[in-house]
Amino acid sequence: MMKEQRFQKNTGVGQILDESFTRCPEREAIIFGEWRITYRELESLIYRTARYLRGLGVKKGDCVAIISRNCPEFIIADLAIMKLGAISVKFNWRLSPDEMVYLLDLNDVVCAFYKAEKPEWGEELISHYGDKLPFISLDDVEGRSCLYTLLADQPDLPIEVEVAPDDVAIHMHTSGTTGRPKCVVYSVRGYLAEMESMLSCLEFPDGQIYQFVSQLFHSASIGAYLVLATGGKLVLMSQFTVEEYVESLVREKVNAIGVIPMVLRGILDEAEAKQYPLENLHVINYSTCPISPDLLDRAMQMLDCRFYQSYGMTEMSSVVTALLAEDHFTDNGSHLRSVGRPIPGAAVKTVRDDGSLCDPGEIGEILVRGNGKMIEYYKNPEGTQQVFDHGWYRTKDMGYLDDKGYLYICGRKDSLIISGGENIYPEEVINILLKMPEITEAAVYGVPDEKWGERVKASVVLAPGAKVTAEEIDTFCRQYSASYRLPKEIEFLSELPKNTTGKVLIDQLKYREQQ
């Protein structure tokens, strides 16, 4: 059941922190290293940045880019852009100058906030555009945020620009595992409705202290804004290093975190090795990558926390389904391997190749719809048409719904392995491999085989100091699966090749096989 709507003004996504500015101005809003920002200061910096942008000629409907690692300036710039009714364009700071030029041009950007990851990349990008595109540097000046110098003469008087629900608010980008990133367009209505849906079922209580390490250019950034929209304290980190992360959890008395399995494993290992007290931690949101059953069980035993699993994608503004805290224990924990049920306003179905509905337990392609559904892929009508089916978004994920509506993910439609006529979904095999404590990461894919058409191959990364043979892995896995699913070949790697958002590049692994 949806709660009373929080965002009712006609000022677009720029309104999302207004209630917190009014209700708790003296509270700390963002912690970033030694920089501690109250809601009053955050509001002032946002309005002053908006006025600076207006002075540059930025107006309603213009596209303004933000290219930076996590930092408070990212959030300040983001909200300032949307206070003007302009469109916030976010893409990966790890991209090369050539890739950034492509996205800046694709999005018709009129100016960009930029903190170069490599000085030479920054010089190359700025040189490419000359005077045609203003770049606003986010580099610190003498150890202090550039904003204090940049905005010295700007007043912090409020700016309110009226926008329509169907106006564009944000351009986000897919990770581009198979080519150039696609630009995903969010409307004001869609993004605010997604926030409302998540607030109605996930834990974002007033004043929560939330440690955030996911990159703000990613759709997961909605979590950071949900914390601030509810008067919480956002402990923002630019990158993950396990010791610094866990020390911050203790120092800031963090209540909640959002993690991927790699981060969760690091937290547990560090806390166990050094006996860190984590009694203030109460909520763990985990998502993005398959989590090993053993890792989840270990976390639930070690930490006195409520756990939330979620499933979503950039095209849906973030979350589509959630396994709520109570779902981890209902029916004797039988839903633990699922990604939950649709959040309010969302719907999920699985279909066969002919488009007919699957029966409960039958694997099919997952189609979703919901409040946060994108408007389109920008300047890509053909790509947009390909992914929509009568209002449903075709995820290309394969899975099944049980008789209680819980969704289980089996793998990607285009990663299906057909060996000897049998369908094998890589994620099913990965989940088995990750049961083995010696294995920290695994990728599973099909490679050509004269006899079977394809055979299953696994590339695995072992935990530091672990020693295990391919034969021992095979013996272990046979306890949990029929032999036809199991890897016929196992290779050991020091790391898996990944793109800039952390997704494993299966094509690179396959290419190595062919060389």
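Shape verdict for region 1-133, please, from the Cα gyration tensor: rounded (a/c under 1.5), prolate (a/b greater than b/c) or oblate. Since a/c reaches 1.5 and a/b is larger than b/c, the shape of region 1-133 is classed as prolate. Calculated FRET efficiency, Asp153 and Lys451, Cβ-Cβ r, R0 56 Å, to nearest 0.05? Result of the calculation: an efficiency of 0.15. For the chain, the mean residue ellipticity at 222 nm estimated from helices alone is -8500 deg cm²/dmol, where every DSSP H run of n ≥ 4 contributes -39500 (n - 2.57) and the total is divided by all residues, rounded to the nearest 500. Within the chain, antiparallel bridges make up roughly 60 percent of the DSSP beta bridges whose residues both belong there.
The calculated FRET efficiency for Asn380 paired with Asp166, based on their beta-carbon distance and R0 = 25 Å, is about 0.85. Other residues within the sphere of radius under 13 Å centred on the Cβ of Leu434, judged by their own Cβ, net out at -2 (K and R +1, D and E -1). Close amide H partners of Thr440, meaning residues 5 or more places away or on another chain with modelled amide H under 5 Å apart, are Val461, Leu462, Ala463. Could you sort out which of Lys435/Lys503; Lys90/Lys379; Lys349/Lys488; Lys90/Lys182 sit more than 22 Å apart by Cα distance in this structure? Correct reply: Lys349/Lys488. Under 5 Å between amide hydrogens, built in the peptide plane, is the criterion, and for Val235 it picks out Ile31, Tyr210, Gln211, Phe212 among residues at least 5 positions away or on other chains. Karplus-based coupling profile of region 434-441, in residue order and whole Hz: 6, 5, 7, x, 6, 9, 9, 9, with θ = phi - 60° in 6.51 cos²θ - 1.76 cosθ + 1.60 and x standing for Gly or Pro. Only helices reaching 18 angstrom along their own axis (Cα) with mean Kyte-Doolittle hydropathy no lower than -0.5 count here, and for the DSSP H runs of the chain these are 188-201, 261-274.
In plain terms, the residue of Ser145, Ser96 with the fewest other Cβ atoms within 10 Å comes first and the most crowded comes last, giving Ser96, Ser145.
Taking the average, over residues, of other Cβ atoms within 10 Å as the packing measure, peptides 320-330, 458-468 rank 320-330, 458-468 from highest down.
By the count of other C-beta atoms within 10 Å, a proxy for reagent exposure, Val444, Val339 are ordered fewest to most as Val339, Val444.
Summarising the label geometry, the points placed 7 Å from Cα in the beta-carbon direction at Val141 and Gln239 lie 2.6 nm from one another. Of the peptides 480-492, 11-23, the ranking by mean beta-carbon count within 10 Å, highest at the top, reads 11-23, 480-492. Counting only lysines at least 8 places from Lys83 when in the same chain, those with an alpha carbon closer than 20 Å to its own are Lys9, Lys59, Lys60. Semi-axes of the equivalent ellipsoid of region 417-514 are 20, 18, 11 Å, computed as sqrt(5λ) over the eigenvalues of the C-alpha gyration tensor in descending order. By the rule of a C-alpha distance below 20 Å, with chain neighbours fewer than 8 residues away ignored, the lysines paired with Lys274 are Lys253. Across all C-alpha atoms in the chain, the radius of gyration and Dmax reach 23.3, 74 Å.
FYI, it's all coordinate maths here, none of it is from the lab. Fair warning: this is a prediction, and the values are worked out from it, not measured in the lab. FYI the Cβ positions are ideal-geometry reconstructions off the backbone, even for glycines, and counts take in every protein chain you see.
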